[in-house]
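Below: one structure, written as structure tokens.
The values are calculated or read from the model by the stated rules, or taken from the named source; none is laboratory data. For clarity, every value in this text was computed on a predicted model and none was experimentally measured. Counting neighbours? That spans all protein chains shown, and the Cβs are built from the backbone with ideal geometry, glycine included. Only protein heavy atoms, including side chains, enter the accessible area calculation; ligands, DNA and RNA are left aside. Shrake-Rupley method; radii C 1.70, N 1.55, O 1.52, S 1.80 Å.
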Amino acid sequence: MTFRTVLVPVGEDKACEARLHAARVLAWRFDAALVGLHVERPPPAMPGALASEAGPEVIVRLTERYRAAVAEERAAAKARFQRICGTGGGTLWSEAEGEPAVVVTRAARTVDLTIVSRPGAEDSDGFTLIEELAVGAGVPLLMLPEAGAGELGKVVLAGWNGSREATRALHDALPFLTTAERVLLCAVGEAAIATLEPAAAMLRRHGVPVEADAVRGSAGDAGAVLLSQAAAHKADLLVIGAYGHSRLREMVFGGATRHLLRATGLPILLSG
């Protein structure tokens, strides 16, 4: 198993260039096609009362200005992508209009890996995109720090709790796990530890150099424990299953997934 098609959203965010450099390196590493996707939001709707007051000519001018600004942004995004990632061969450019979370998630369903950047603390749209991709795309999502990533996947820490999401994450991460120098499979709490050794044995049959890491304690502390273990072992990639509980419970009570998304500067491979 490997990644043959990699998708990377291209925008004006300050993390874009670092994300593109990392995507180019990973596409080369896995001999994958690299798809750059630029998403344009549709023109904002003008409230009816305001539209009536402004008149049709004003609305047309405003729409034309908006379209011109969008075209300029689109051209800049394409130029940035081609400058960093090249043109031709397995490097592909794509454009679409709509809500970014919807459009990118739909596009991700026809690739093997999607690469995004960790949003800033106040970037609610960015976290919405990540959550939609993690649970709605059906393929793994690699979330990079804002500064990008160097060589990742030499030391990998993967979370294990026996859930469907954790199982999916391990299989989705196999291209990284089978080429890693060291892999730690970390289970927190008695319930997770009970199936840790069989999970590690499954990975060993794939040729993964895995070590089983059982941590006694509360499963509710799993997010903080995984970060602590990743730091202790100098991991450069964290692998987790997203949303082990219902999304409503995650939104209300937090949970390991949200804690990890917001607290770490590590690259994270997420599977839903």
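Results, tabulated for the structure shown:
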{"quantity": "Subset of the stretch 197-231 [over 24 Å from the mean Cα position of the chain (by Cα) and assigned to a strand (DSSP E or B)]", "calculated": "GLU211, ALA212, ASP213, ALA214, VAL215"}
{"quantity": "Among (1) open to solvent by less than 10 Å² (accessible area, probe 1.4 Å); (2) part of a loop (DSSP other than H, G, I, E, B), the one test that GLY162 misses", "calculated": "(1)"}
{"quantity": "Residues satisfying the stated conditions in the stretch 197-227, i.e. at pLDDT 90 or above and either in contact with a Phe, Trp or Tyr (Cβ under 6 Å, 6 or more places away or on another chain) or among the polar types (S, T, N, Q) (or both)", "calculated": "ALA199"}
{"quantity": "Per-region count, the stretch 27-55, residues at negative phi and either open to solvent by less than 60 Å² (accessible area, probe 1.4 Å) or at pLDDT 65 or above (or both)", "calculated": "19"}
